[in-house]
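Peer 1: Before we start, here is the structure in question, set down as structure tokens.
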Amino acid sequence: MKLYRLLILIGIMNANAQEHYNLIVGTYTNQCDSKGIYVYDFDTATAETKLKDNTKGVINPSYLTVSADNNFIYSVNEDGAQSTVSAFKYEPESGRLKLLNKKDAKGADPCHIISDDKNVIVANYSGGSIAVFGRNEDGSLKDAKQVVTHTGSSITGRQKSPHVHMVYFSPDGQYVLANDLGTDRVYVYQYNPDGGAQTLVLKQATDVRKGSGPRHLAFNPNGIFAYLLQELDATLTVFSYNEGSLTAIQETTVAPTDRVVQNGAADIHITKSGRFLYATNRGNANNITVFRVHSNGKLDMVQQISTMGEAPRNFTIDPTGNFVLVANQNSNAVVLFKRDKVTGMLEDTGKRIELCQPVCLVFTENKSFKEKK
């Protein structure tokens, strides 16, 4: 009987543990009182959040990435010509982060970052470059082993020089894609993890609409379609994707359909099922658009609603797909929406996480994978 009760207790504990994840929030620290990176406990059943820990004295960790084993976090530190990249030891159970080291970003204003078990790769917006850093065994960063600098321009005032806005691994890990707002191009690099100064080798550059300003992209889980969001004119382009090659098959928009606005399209994500895609628009639109994804990869809009705040910079879908969390940067709050899994549509829960200048939202499990084995 005692063993039976123990097994029931263990089962309940495991079920409860699976409902809770860590939510990591990167912020700007130069506009209001922010400590840097915040780690919250997130209950996927109730959308309740509780602060676990935060860093202190970290400059503008606006975007971050988590290692595959859930033991390290890497962040950019946007600080003009003094910008850096930081490595942290991450204890997901407690939420604590310990700075391991930081390196010069090799370009001004890094705005996006990705990592795998070999490298950390950074997109430098103002610098118009991509920097590749190796990883030491303890998770700390090595010196940059490659810096790729883009050249060129386009037709708007913000496009007088290159502005690399995002780096992204292809689904098969064979390529790194880089969106350049300044040149209106998506660059596709062959990725050689142990390639040293040739870790990234350019395969092709795909031109998009002049003046559109490619910002973020997302891949369909099937790996054969990619969705590119352009910041300046709010265009959303659907591509078929094959071995590093992109072919446009549809062009739509996230601009409001009922009024003329100043656009500032920001972030884009697709559900694990591949059935729905979401995209945010800043400027004075401040909305999020919901699209249904068809089997041919093409999109139909099903909803467009307010993000209940200003400058929806980044957003994320929680691991269960129950909620969409939107970081409204300029109104200093993360807004939580309930998601209908059948229709894809969103409804404001009324729940908020109030904090200074939230930018990047990332979910992780609340234990490291090494600890779970």
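Peer 1: Among 262, 357, 304, which is closer than 17 Å to residue 234 by Cβ, touching a residue at least 40 places away in the same chain (Cβ under 8 Å) and among the polar types (S, T, N, Q)?
Peer 2: 304
Peer 1: Further question on the same structure: Residue check, residue 342 against (1) of a type outside the set (Lys, Arg); (2) without any contact (Cβ under 8 Å) to a residue 60 or more places away in the chain; (3) within 20 Å of residue 275 (Cα to Cα); (4) assigned to a strand (DSSP E or B), all met but one. Which one?
Peer 2: All conditions are met except number (4).
Peer 1: Within region 320-336, can you find the residues that are touching a strand residue (DSSP E or B) at 6+ places or on another chain (Cβ under 8 Å) and part of a loop (DSSP other than H, G, I, E, B)?
Peer 2: Scanning region 320-336 gives 321, 322, 332.
Peer 1: Name the single residue, out of those in region 132-166 being farther than 21 Å from residue 263 by Cβ and among the aliphatic types (A, V, I, L, M), that is surrounded by the most Cβ atoms within 10 Å (Cβ to Cβ).
Peer 2: If we take residues in region 132-166 being farther than 21 Å from residue 263 by Cβ and among the aliphatic types (A, V, I, L, M), then 132 is surrounded by the most Cβ atoms within 10 Å (Cβ to Cβ).
Peer 1: Wholly within region 175-239, which strands (runs of 3 or more DSSP E) include no fewer than the required count, namely at least 2 residues that are closer than 14 Å to residue 270 by Cβ?
Peer 2: Qualifying strands (runs of 3 or more DSSP E): 214-219, 225-230.
Peer 1: Look at region 264-285 and say how many of its residues are more than 25 Å from residue 211 (Cα to Cα) and either of a type in the set (Ser, Thr, Tyr) or not in a strand (DSSP E or B) (or both).
Peer 2: Residues flagged as more than 25 Å from residue 211 (Cα to Cα) and either of a type in the set (Ser, Thr, Tyr) or not in a strand (DSSP E or B) (or both) within region 264-285 amount to 5.
Peer 1: Every residue in region 286-319 that is within 17 Å of residue 257 (Cα to Cα) and not in a strand (DSSP E or B), please.
Peer 2: 286, 307
Peer 1: With the structure loaded, tell me whether residue 257 is at pLDDT 95 or above and among the hydroxyl-bearing types (Ser, Thr, Tyr) or whether it fails that test.
Peer 2: Criteria not met by residue 257.
Peer 1: Note down all Cβ pairs under 9 Å where the first residue falls in region 161-187 and is among the basic types (Lys, Arg), the second is at pLDDT 95 or above and in a loop (DSSP other than H, G, I, E, B), and they're at least six residues apart or on different chains.
Peer 2: 185/150; 185/152; 185/154; 185/162; 185/208
Peer 1: If I filter region 40-95 down to residues being of a type in the set (S, T, N, Q), free of Cβ contacts under 8 Å to residues at least 40 places away in the same chain and part of a loop (DSSP other than H, G, I, E, B), which single residue comes out as nearest to residue 19 (Cα to Cα)?
Peer 2: Once the filter is applied, the top-ranked residue is 46.
The values are calculated or read from the model by the stated rules, or taken from the named source; none is laboratory data. Note that this is a predicted model, so its numbers are computed, not measured. Cβ sites come from the backbone with ideal geometry, for glycine too, and all protein chains shown count toward neighbours.
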